[in-house]
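Mind having a look at this structure? Questions to follow.
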Amino acid sequence: MLILKSLVNLRQFIKYFILLENLLICWVDSKTILVTGAGGYIGSHTIVELLNTNYSVVALDNLSNCYAYNETEIPESLKRVRSLTKKEFIWNKVDIRDKDALNDIFKNIPLMPLFILPH
Ligand SMILES: O=c1ccn([C@@H]2O[C@H](COP(=O)(O)OP(=O)(O)O[C@H]3O[C@H](CO)[C@H](O)[C@H](O)[C@H]3O)[C@@H](O)[C@H]2O)c(=O)[nH]1
């Protein structure tokens, strides 16, 4: 039931991913979504859609394939997201294989898992 409800809430978002033939999302129990690979093409476009649908976003990227002026700055693609949406989100430069860093993030934020699997 919960899954069905979230599917209805995320109707537009889901369509976007079905078109890309990627498999998507699972359940909703909060309005905060973790997006990995946030600075990339799919990640940054996903964040625009989520913010425009009034979700809160925690954006993670290890900067291996997106451009930031330096390691401490937000990637340029995500600056563009901010200017397009005029909305804020949480940014962390992190490698998702870094368990301690992820635990710190999960401690402070109630997250809804989002799975995007390649087709
Ligand atoms: O271990 C990793 C590996 C990558 N990244 C980050 O993940 C993002 C991946 O973004 P890409 O743009 O490289 O890949 P996407 O899957 O988002 O997009 C790619 O696939 C799309 C279609 O699926 C389009 O073809 C698009 O042009 C192409 O860049 C990058 O910011 C990279 O820094 C990590 O955070 N950790």
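The values are calculated or read from the model by the stated rules, or taken from the named source; none is laboratory data. The structure displayed is predicted, hence computed values, not measured ones. All Cβ positions, even for glycine, are placed from backbone atoms using ideal geometry, and neighbour counts span all protein chains on display.
From the residues in the stretch 91-111 that are assigned to a loop (DSSP other than H, G, I, E, B) and in contact with a helix residue (DSSP H, G or I) (Cβ under 9 Å, 6 or more places away or on another chain), which one is modelled with the lowest pLDDT?
Of everything passing the filter in the stretch 91-111, 111 is modelled with the lowest pLDDT.
Still on this structure, I have one more. Being at pLDDT 95 or above, more than 9 Å from the ligand (Cβ to nearest atom), surrounded by 14 or more Cβ atoms within 10 Å (Cβ to Cβ) and among the aliphatic types (A, V, I, L, M) is true for just one of 63, 114, 78, 34. Which residue is that?
78
Hey, can you tell me all the residues within the stretch 37-60 that are within 13 Å of the ligand (Cβ to nearest atom), hydroxyl-bearing (Ser, Thr, Tyr) and surrounded by 17 or more Cβ atoms within 10 Å (Cβ to Cβ)?
44, 46
From the residues in the stretch 91-105 that are among the basic types (Lys, Arg) and either within 14 Å of the ligand (Cβ to nearest atom) or surrounded by 15 or more Cβ atoms within 10 Å (Cβ to Cβ) (or both), which one is farthest from the chain's Cα centre (by Cα)?
97
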